């Protein structure tokens, strides 16, 4: 882990507001990276399972096409689930 | 490397700055929790609803409604289980 000062890319003469903004954008960025990391991990797991039922000597072109499709499909599914989940939370705020 | 985690100096931050940061972080945490739930639900519901071979890049209509139902029934299940546990706890 880098030292926080370097990570925030702060010179010693940066203003307070600059440091505050830098801290917030670093946190937001880390959070986005983590979200993307989990998504990629899940896609890899789910699409490997779907598209490579019997691993051969190399990825076939069919398997490669399947992986490309699966990846896009998984992201769509993620969005559909996210939408359904938001709707549920909105219509049912007390219940979870 | 005597001090690997040297943090920048925040000693001049006012109470308002601290409050701003606190609410920003709380918001980010809530967002992260929501996203973690969506990751978990997508994992579960993908397995339940996307059962055929991958023949294209889009989620079709029946798969889409399955995903929606999956999310809602998962939450219903969760609530039912919590309610049931409550009843059991009351009895014990």
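Bear in mind that the values in this text are calculations on the coordinates, not laboratory data. If you're wondering where the values come from, they're calculated on a predicted model, not measured in any experiment. Please note: Cβ atoms are built from the backbone with ideal geometry, for glycine as well, and neighbour counts cover all protein chains shown.
The calculated FRET efficiency for residue B:73 paired with residue A:30, based on their beta-carbon distance and R0 = 22 Å, is about 0.05. Dimensions of the range A:4-91 along the principal axes, based on C-alpha atoms and rounded to the nearest Å, stand at 58, 45, 15, largest first. Annotation for residue A:87 and residue A:49: the two label points, set 7 Å from Cα along the Cα-Cβ direction, are 2.5 nm apart. Model label points for residue A:75 and residue B:81, set 7 angstrom from Cα along the Cα-to-Cβ axis, are 3.2 nm apart.
Taking label positions 7 Å along the Cα-Cβ direction at both residue B:29 and residue A:40, the computed distance is 2.8 nm, reported to one decimal. A straight chain from residue B:88 to residue B:58 at 0.36 nm per residue would run longer than the Cα-Cα distance by 6.4 nm. From least to most packed, judged by other beta carbons within 10 angstrom and beginning with the fewest, A:24, A:71, B:88 follow the order B:88, A:24, A:71.
A Gaussian network model of chain B, with springs between Cα atoms under 10 Å, assigns the largest mean-square fluctuation among B:21, B:44, B:67 to B:21.
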